[in-house]
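Below: one structure, written as C-alpha cells.
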Amino acid sequence: MTRILVTGASGFVGRALVTELANVGHSVRAAMRQPADVFPRSVEVIAVSDLTRPVEWRTLLRDVGTVVHLAGIAHAGPDIAEQAYDRVNRLATAELANAAKTSGIGHLVFMSSIRAQSGPASSSVLSETDAPHPTDAYGRSKLAAEEAVRAAGVPFTILRPVLIYGEGVKGNFARLMELAHKPWPLPLGLCRNRRSLLARRNLIDAIHLALASPAAKGETYVVADPSPLTLAEIVAALRAGEGRSAGLLPVPPPFIALGAAALGRTDEWQRLHGKMVVDPAKLLSAGWKPTLDTRAGLVALARANASSVAN
C-alpha cells in the first residue's frame, strides 16, 4: 500500500481524513504548518511553511504514491488580497502538481470548490457540464489551480464541494449555526430558497472513492449531499437538534432584505437567501455512497454541539 501525502492535515477536513486513513491501514504523511500530536502514532507528521512561500515539494513527495491536496486559503472574505489567493491557492498548487509529475506520483486528488464554478448563488441547478463562472478572487484562484493541475500532466481527480458542515466547522456555516441557536423566533418561515450542503462525512466518502477508483482519474466532480434543503428547513433541523421547535415566523423575504440593508448586512442576507443547488449525479454514478442525509446530519450536528456546550 503506497504512502498518501495529505496537505492541510490540521484543517477541518484534513484532520478527520488523516485519522480515518490511518485507522483503515493506510500509510499517511500529514503536512501541516504547526505539527501537533493529534493523529494515530502510525501517521508521519511533517512541518511545512504556509503556502505564501515556496515549498520544497520534492522532499514531501519522497516515497509517496498519492497526494490529497487540501491546503489553501478558505473563502475568507474581501479583506484578503487577490494576490494572496493566487499565491496560495493557484501557484502553490501548480508547484505541487509539477513536482508530483516529476516525482512520478500516481494520483493527485485536488480539493477545489464549487466557487470555482459559480458565485454564492445560482438560478439554475449546477453540474460539471456548466461552464465555470467564478465571481470573486477565491473562486478565480481555485479555477486557476484546477487548470494548473490539468496542465501538469499528473493523474488527477478534482473535487468541487459546496458548503461543508460537521463538528468544529467555522466560517459561514458556523455563523448560520449561531443564528439558529438564538433563543428568539426568526423571520425565516417563508425562505424557500433551496441550498445544497455537504456533510464532512460525505466529503470524506467522496475522497475515499477518488482514491480507490481508477475511473476517477482525469475527472472533475461537484460534491453535495443529494437532497438540498430550504433555508427554513436548515434552521428548523438545527433547532430540532437542540430539542426546540422551528420557531420561524412567516415574514416575506423582501421585508427581511430591507431590514438587512438598514443594518448594513445586505451581503450576508444575499448569501443566506440565494439559491444554490448542485446535482452530484456524476459522482453518484461513479459509486459514491454518501453516509449522511442532510436533515439527519444537521440534527446530529446541532445535538452534538449542544452537548459539548453543556459539558
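So which of 9, 47 is closer than 20 Å to residue 100 by Cβ and either acidic (Asp, Glu) or surrounded by fewer than 12 Cβ atoms within 10 Å (Cβ to Cβ) (or both)?
Step by step, each of 9, 47 is checked, and only 47 is closer than 20 Å to residue 100 by Cβ and either acidic (Asp, Glu) or surrounded by fewer than 12 Cβ atoms within 10 Å (Cβ to Cβ) (or both).
So, in the stretch 104-129, exactly how many residues are assigned to a helix (DSSP H, G or I) and surrounded by fewer than 18 Cβ atoms within 10 Å (Cβ to Cβ)?
Result for the stretch 104-129: 0.
Tell me, which helices (runs of 4 or more DSSP H) wholly within the stretch 1-89 include 1 or more residues that are of a type in the set (Gly, Ala, Ser)? Can you show your working first?
Numbers: elements: 14-23, 57-60, 82-85.
By residue number, 14-23, 82-85.
Among the residues of the stretch 234-255, count how many are under 18 Å from residue 301 (Cα atoms), surrounded by fewer than 21 Cβ atoms within 10 Å (Cβ to Cβ) and in contact (Cβ under 8 Å) with a residue 60 or more places away in the chain.
Number of matching residues: 3.
Take residue 287 and tell me if it is modelled with pLDDT of 95 or more and on the phi > 0 side of the Ramachandran plot.
Yes.
Do you know which of the residues in the stretch 170-191 that are touching a helix residue (DSSP H, G or I) at 6+ places or on another chain (Cβ under 7 Å) and not in a helix (DSSP H, G or I) is nearest to residue 226 (Cα to Cα)?
Residue satisfying both the conditions and the ranking: 191.
Has the stretch 149-160 got at least one residue that is modelled with pLDDT of 95 or more, in a loop (DSSP other than H, G, I, E, B), surrounded by 19 or more Cβ atoms within 10 Å (Cβ to Cβ) and hydrophobic (A, V, I, L, M, F, W, C)?
Looking through the stretch 149-160, at least one residue is modelled with pLDDT of 95 or more, in a loop (DSSP other than H, G, I, E, B), surrounded by 19 or more Cβ atoms within 10 Å (Cβ to Cβ) and hydrophobic (A, V, I, L, M, F, W, C).
One residue is enough: does the stretch 220-229 have a residue meeting the conditions in contact (Cβ under 8 Å) with a residue 24 or more places away in the chain, within 20 Å of residue 17 (Cβ to Cβ) and in a loop (DSSP other than H, G, I, E, B)?
Scanning the stretch 220-229 turns up at least one residue that is in contact (Cβ under 8 Å) with a residue 24 or more places away in the chain, within 20 Å of residue 17 (Cβ to Cβ) and in a loop (DSSP other than H, G, I, E, B).
Restricting the search to the stretch 125-142, which residues are within 9 Å of residue 115 (Cβ to Cβ) and touching a Leu at 6+ places or on another chain (Cβ under 6 Å)?
Within the stretch 125-142, just 134 meets the criteria.
Any residue in the stretch 291-299 that is of a type in the set (Asp, Glu), touching a residue at least 60 places away in the same chain (Cβ under 8 Å), closer than 24 Å to residue 125 by Cβ and assigned to a helix (DSSP H, G or I)?
Within the stretch 291-299, not a single residue is of a type in the set (Asp, Glu), touching a residue at least 60 places away in the same chain (Cβ under 8 Å), closer than 24 Å to residue 125 by Cβ and assigned to a helix (DSSP H, G or I).
Which of (1) in contact with a Lys or Arg (Cβ under 6 Å, 6 or more places away or on another chain); (2) in a loop (DSSP other than H, G, I, E, B) does residue 237 not meet, given it meets every other one?
Of everything listed in (1) in contact with a Lys or Arg (Cβ under 6 Å, 6 or more places away or on another chain); (2) in a loop (DSSP other than H, G, I, E, B), residue 237 misses just condition (2).
Being assigned to a helix (DSSP H, G or I) and of a type in the set (Gly, Ala, Ser) is the filter here, so list the residues in the stretch 198-219 that pass it. Walk me through it before giving the result.
Quick first cut of the stretch 198-219, residues assigned to a helix (DSSP H, G or I) only: 200-212, 214-216.
The answer is 206, 210, 212, 215, 216.
Give me the pairs: first residue in the stretch 33-61 and farther than 14 Å from residue 11 by Cα, second residue of a type in the set (S, T, N, Q) and outside any loop (DSSP other than H, G, I, E, B), beta-carbon distance under 7 Å, and six or more apart or on different chains, which are they?
Matching pairs, first to second residue: 40/19; 40/23; 58/103; 61/103.
The values are calculated or read from the model by the stated rules, or taken from the named source; none is laboratory data. Here the structure is a predicted model, which means the values were calculated and not measured. All Cβ positions, glycine included, derive from the backbone under ideal geometry; neighbour counts span all protein chains shown.
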